[in-house]
Amino acid sequence: MSLGSRADWLRERNPLPDGTLTVGAGLIINGITAYAFLGLAGRNLGAEAFEPLSVLWAMIYLLSPGFFLPLEQEVSRALANRWARGVGVGPLINQAGTIGAGLLGVVLVGTIAAGPFLVEHLFDGQVMVLVGLLLALTGYAAVHLARGTLAGLGRFRGYASYYVYENSLRLVAAAVLVVAGVDTAGPYALVVGLAPAFALALAMRKERDLASPGPAAPRSELTAALGSLLFASLFSAFLLYGGVVAVSLLAKEDQAGDASVFLAGLAIARVPVFLFQAVQAALLPKLSALAGAGRFVDFRTRLWRLLGAVAAVGAAGVLGALLLGSQVIHLLFGPDYAISSTDLALLALSSAGFMLAVALGQALIALSAQSWVGVGWLVGSIVFVVVTALGDDLFLRVEAGMVAGSVAAALVIGVLAEIRLHARLVEPAR
C-alpha cells in the first residue's frame with residue numbers, strides 16, 4: 001500500500017471528523033488555563049467567597065450555549081451545505097447576525113429582570129457579578145456566531161485560536177487581581193465576563209473573506225429548525241450545569257461554600273466533555289455532508305465508530321475521577337475543596353452519558369430531525385429534577401439526578417436517531 005493510499009485509509013477509519021485535532025489542541029490549552037484560573041481564584045477567595053463566582057461560571061455555561069449554540073449549529077450546517085455546493089455565504093452570515101442580535105436582546109432583558117433575585121440569592125449581594133454575567137452573555141453571542149461561521153467553512157485554525165486566548169486572558173487578569181490582594185468575587189466576575197469578546201477579537205484578526213457574495217438567504221434556511229434546537233439546547237445546558245445552581249439553592253445555612261466545592265468536582269469530572277467540544281465542532285458538518293450526499297451506510301458506520309470512542313473516553317473519565325480526582329482537586333483548589341471519590345465518579349458517569357446524548361443529537365440534526373432532539377433533553381431534564389427532589393444528601397441527590405437525567409436523554413435520543421436513520425436507509429427501496 002502506498003503512503004498516499006495508506007493515509008486515505010487511515011482517514012477513512014478514523015472515527016473523529018476532520019478538524020478535531022486542530023480544535024482539540026486549542027481546547028487543551030483552554031482547559032489548562034481554565035483550571036488554572038478557577039484554581040487561582042478559588043484558592044485566593046476560599047470556598048465561601050468563591051461561591052458567587054462558581055454560580056456565575058455555571059450560569060454562563062448554562063445560558064450561553066443554551067441560547068446561542070443552536071445558532072452556531074445552524075450556521076455551521078447551512079454554511080457547510082452552501083460551501084459544498086459552491087454557493088456564496090455572505091447573505092446567510094448577515095441573516096445569522098440579525099437573528100443572533102435578537103436572541104441576545106431577549107436574553108439580556110430576561111437576565112436584567114431576574115437581576116434582583118440573582119443578586120440576592122445566588123450572587124451574595126454583589127451587583128458586579130451580575131454585570132459580569134451580562135458581559136459574558138453579550139460576548140458569547142458573538143463567539144457562537146463566529147465559531148459557527150468558521151466551522152461551517154472548515155477554518156478550524158481560527159476556531160482553535162479563540163480557545164487559546166479565552167482562558168489565557170482570564171488567567172493573566174486573575175493573577176493581577178491576586179497580586180493586588182482582591183478578595184471578593186466581583187472583580188473576578190468582570191474578568192470572566194470580558195474575556196470572550198477580547199479573545200474573539202484576537203482570534204479573528206487573520207480571518208479574511210468569510211462573507212463571500214451569494215444569493216439571498218431565505219429566512220427558512222436558518223430559522224426552520226432554530227426553535228427546536230433552542231428548546232433542545234436549553235434543556236441540555238440545564239442538564240450539564242444546572243447541578244451547581246441546584247446545590248446553591250438547596251444548601252442549608254451551614255453548607256455555605258458547598259456550591260464552590262461541587263463546581264470544583266464538576267470541573268474535574270467534565271474534562272472529557274470539555275475535550276469532546278473538539279469532536280462536536282467538526283462532527284455536524286461531516287455528518288451533514290454524508291447525509292446530504294445520501295451516504296447513509298457510511299453515516300451509520302462513522303456514527304458507531306464515534307460512539308465507541310466516546311464510550312471509551314467516558315469510561316476512562318470515570319476511572320480517572322475515581323482514582324485521581326480527589327488528589328487533583330486538592331492540588332488545584334486547596335484543602336477547602338474536599339469531595340469524595342464516589343462523588344467524582346458519579347459526576348464523571350453523568351458526563352459520559354451526556355457526551356453520548358450529544359453525539360446522537362448531532363446525528364439527528366444532520367438527518368434534518370432537529371425537532372426530535374429536544375424530546376430527549378426534555379425527558380432527561382425532567383428525570384434530573386425528579387430524582388434530585390427525592391433525595392436528602394445534598395451532593396448525592398444532585399449527582400444521582402445528573403446521572404439518571406444524562407442516561408435517560410442518551411437512551412431517548414439514541415432510539416429516535418435509529419428510527420430516523422433506518423427510515424433514510426430504506427427510502428431508496430421504495
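Tabulated values for the structure
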| item | result |
| --- | --- |
| In the range 35-63, residue surrounded by the fewest Cβ atoms within 10 Å (Cβ to Cβ) [restricted to those that are under 20 Å from Ala141 (Cα atoms) and not β-branched (Val, Ile, Thr)] | Tyr61 |
| Qualifying residue in the range 96-115 (condition: at pLDDT below 90, closer than 17 Å to Gly148 by Cβ and among the hydrophobic types (A, V, I, L, M, F, W, C)) | yes |
| Helices (runs of 4 or more DSSP H) lying entirely in the range 289-391 (those with 3 or more residues that are among the polar types (S, T, N, Q) and under 18 Å from the mean Cα position of the chain (by Cα)) | 341-366 |
| Residue check, Ser406 hydroxyl-bearing (Ser, Thr, Tyr), more than 19 Å from the chain's Cα centre (by Cα), under 30 Å from Asp298 (Cβ atoms) and assigned to a helix (DSSP H, G or I) | no |
| Residue count for the range 148-190, restricted to those that are within 18 Å of the chain's Cα centre (by Cα) and of a type in the set (A, V, I, L, M) | 4 |
| Counted residues, the range 141-166 - those being in contact with a Gly (Cβ under 8 Å, 6 or more places away or on another chain), of a type outside the set (S, T, N, Q) and more than 18 Å from Thr98 (Cβ to Cβ) | 9 |
| Only listed residue being at positive phi and not basic (Lys, Arg), chosen from Gly353, Gly334, Gly317 | Gly334 |
| Arg205, sole failed condition from (1) assigned to a helix (DSSP H, G or I); (2) without any contact (Cβ under 8 Å) to a residue 40 or more places away in the chain | (1) |
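Residue-wise test of (1) surrounded by fewer than 21 Cβ atoms within 10 Å (Cβ to Cβ); (2) among the β-branched types (Val, Ile, Thr).
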{"site": "Phe354", "(1), (2)": "no, no"}
{"site": "Ile365", "(1), (2)": "no, yes"}
{"site": "Trp377", "(1), (2)": "no, no"}
{"site": "Val386", "(1), (2)": "yes, yes"}
{"site": "Ala389", "(1), (2)": "yes, no"}
{"site": "Leu394", "(1), (2)": "yes, no"}
{"site": "Met402", "(1), (2)": "no, no"}
{"site": "Ala409", "(1), (2)": "no, no"}
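The values are calculated or read from the model by the stated rules, or taken from the named source; none is laboratory data. No experiment lies behind these values; they were computed from the predicted model shown. Glycine gets a Cβ as well: all are built from the backbone with ideal geometry, and neighbour counts include every protein chain shown.
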